[in-house]
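Everything on this sheet refers to the single structure shown next.
The values are calculated or read from the model by the stated rules, or taken from the named source; none is laboratory data. This one's a predicted model, so the numbers in the text were calculated from it and none came from an experiment. Here the Cβ positions follow ideal geometry from the backbone for every residue, glycine too, while neighbour counts run over all protein chains shown.
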């Protein structure tokens with residue numbers, strides 16, 4: 001049984017890059033160092049070792065945009081090829097892309113690896129540029145869907161997502177996406193890579209922004225549910241941090257946490273809503289946000 005690991009120590013990365021050079025660059029007579037590029041710091045890396053501790057497979061994924069991830073540098077030691085290790089690596093990197101909010105994943109495949117990616121649901125699109133003078137590559141694309149994602153009123157959810165991006169552009173740069181809306185619960189997620197600090201954890205300010213936008217979004221959707229309209233502004237917000245976020249930033253707002261009435265908007269009066277947002281790292285609760293929002297009647 002082989003296990004997929006994330007390189008973390010300096011020694012891990014030294015061995016990881018040495019293996020990548022040996023498999024993907026040395027055969028083309030390129031010097032050591034040519035196996036690296038400008039995306040290393042913003043990529044997620046994976047590696048596999050044999051029982052003796054030797055690296056036998058590596059792979060990487062990075063985000064090209066908020067919606068597109070790219071898999072690169074898949075390599076498996078010749079003696080271990082044909083054992084399904086490449087498929088395990090690609091599946092692991094695909095899971096990372098899904099968690100980052102990607103809706104499609106691409107790769108520039110050599111002719112030899114086209115069968116691998118085809119077997120995993122990738123489809124050939126067009127020719128891709130040669131890399132360092134290597135053989136011609138084929139761009140392959142796979143659309144990603146999340147079977148756990150539930151979007152009640154998808155048009156409203158799409159409008160909310162576009163409203164965030166249009167009025168608060170940094171939300172797109174942070175990779176904040178609406179993940180689930182059931183009518184009673186709103187879940188949003190953010191990209192850890194796009195909000196990571198020098199300690200390898202999520203910026204506290206990014207966590208606060210994720211929580212605030214989730215609460216704002218819940219009120220936005222509740223206004224739609226009731227056929228009302230108004231300008232939503234944050235009046236006060238407090239957050240208590242318990243643990244750092246190191247994996248998957250998630251925010252949950254349940255309708256039961258909302259206190260206040262929206263009906264005064266019908267009489268052209270402002271109203272106040274208090275709510276709570278739970279912040280999770282994967283499945284672990286790490287922070288709680290409590291906010292006071294004002295909803296102001298829209299002026300003609």
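Would you confirm whether any residue within the stretch 244-264 is over 20 Å from the mean Cα position of the chain (by Cα), closer than 20 Å to residue 190 by Cα, modelled with pLDDT under 95 and not in a loop (DSSP other than H, G, I, E, B)?
First, pick out the residues of the stretch 244-264 that are over 20 Å from the mean Cα position of the chain (by Cα): 254-264.
Applying the additional criterion that residues be closer than 20 Å to residue 190 by Cα yields 254.
Applying the additional criterion that residues be modelled with pLDDT under 95 yields 254.
Now narrow it down to the ones that are not in a loop (DSSP other than H, G, I, E, B): 254.
Scanning the stretch 244-264, I find at least one residue that is over 20 Å from the mean Cα position of the chain (by Cα), closer than 20 Å to residue 190 by Cα, modelled with pLDDT under 95 and not in a loop (DSSP other than H, G, I, E, B), so the answer is yes.
Restricting attention to the stretch 15-33, report how many residues are closer than 30 Å to residue 175 by Cα and either loosely packed, with under 14 Cβ neighbours inside 10 Å or touching a residue at least 40 places away in the same chain (Cβ under 8 Å) (or both).
2
Take residue 224 and decide whether it is over 30 Å from the mean Cα position of the chain (by Cα) and either part of a helix (DSSP H, G or I) or outside the structural domain of residue 100 (by TED's automatic domain parsing) (or both).
Judged against the criteria, residue 224 is not a match.
It is to be established whether one or more residues within the stretch 44-54 are in a helix (DSSP H, G or I) and exposed (fewer than 14 other Cβ atoms within 10 Å of the Cβ).
no
Tell me which residues, restricted to the stretch 1-13, are out of contact with any helix residue (DSSP H, G or I) (no Cβ under 7 Å at 6 or more places or on another chain) and either closer than 14 Å to residue 57 by Cα or surrounded by 12 or more Cβ atoms within 10 Å (Cβ to Cβ) (or both). If you could, list the steps in order and put the result at the bottom.
So the first thing to find is which residues in the stretch 1-13 are out of contact with any helix residue (DSSP H, G or I) (no Cβ under 7 Å at 6 or more places or on another chain), and the list is 1, 3, 5-6, 8-13.
Answer for the stretch 1-13, where residues must be out of contact with any helix residue (DSSP H, G or I) (no Cβ under 7 Å at 6 or more places or on another chain) and either closer than 14 Å to residue 57 by Cα or surrounded by 12 or more Cβ atoms within 10 Å (Cβ to Cβ) (or both): 1, 3, 5, 6, 12, 13.
Within the stretch 254-273, count every residue that is crowded, with 16+ Cβ neighbours inside 10 Å, under 18 Å from residue 230 (Cβ atoms) and touching a residue at least 24 places away in the same chain (Cβ under 8 Å).
So the count comes out to 5.
Do we have residue 274 as more than 20 Å from the chain's Cα centre (by Cα) and assigned to a loop (DSSP other than H, G, I, E, B) here? Spell out the reasoning first.
Details: more than 20 Å from the chain's Cα centre (by Cα): yes; assigned to a loop (DSSP other than H, G, I, E, B): no.
When the stated conditions are applied, residue 274 does not pass them.
What's the number of the only condition in (1) modelled with pLDDT under 95; (2) crowded, with 21+ Cβ neighbours inside 10 Å; (3) touching a helix residue (DSSP H, G or I) at 6+ places or on another chain (Cβ under 8 Å) that residue 202 fails to meet?
It fails just one condition, (1).
Just one of the numbered conditions (1) free of Cβ contacts under 8 Å to residues at least 24 places away in the same chain; (2) assigned to a helix (DSSP H, G or I) is not true of residue 36; which one?
The failed condition is (2).
Look at the stretch 147-184 and say how many of its residues are in contact with a helix residue (DSSP H, G or I) (Cβ under 8 Å, 6 or more places away or on another chain), touching a residue at least 60 places away in the same chain (Cβ under 8 Å) and surrounded by 16 or more Cβ atoms within 10 Å (Cβ to Cβ).
6
Scan the stretch 205-214 and tell me whether some residue there is outside any helix (DSSP H, G or I) and either farther than 22 Å from residue 245 by Cβ or in contact (Cβ under 8 Å) with a residue 60 or more places away in the chain (or both).
no
Between 273, 207, which is closer than 30 Å to residue 99 by Cα and in contact with a strand residue (DSSP E or B) (Cβ under 9 Å, 6 or more places away or on another chain)?
207
Just to confirm my filter: which strands (runs of 3 or more DSSP E) fall fully inside the stretch 99-193 and include at least 3 residues that are within 22 Å of the chain's Cα centre (by Cα) and either within 23 Å of residue 70 (Cβ to Cβ) or at pLDDT 90 or above (or both)?
Where strands (runs of 3 or more DSSP E) fall fully within the stretch 99-193 and carry at least 3 residues being within 22 Å of the chain's Cα centre (by Cα) and either within 23 Å of residue 70 (Cβ to Cβ) or at pLDDT 90 or above (or both), they are 104-109, 137-143, 177-181, 185-189.
Are any of the residues in the stretch 58-67 over 22 Å from residue 191 (Cα atoms) and in contact (Cβ under 8 Å) with a residue 12 or more places away in the chain?
So far as the stretch 58-67 goes, yes, one or more of its residues are over 22 Å from residue 191 (Cα atoms) and in contact (Cβ under 8 Å) with a residue 12 or more places away in the chain.
Does the stretch 75-84 include one or more residues that are within 30 Å of residue 177 (Cβ to Cβ), assigned to a helix (DSSP H, G or I) and free of Cβ contacts under 8 Å to residues at least 60 places away in the same chain? Before the answer, list the steps.
Step one: of the stretch 75-84, the residues within 30 Å of residue 177 (Cβ to Cβ) are none.
No, that holds for no residue.
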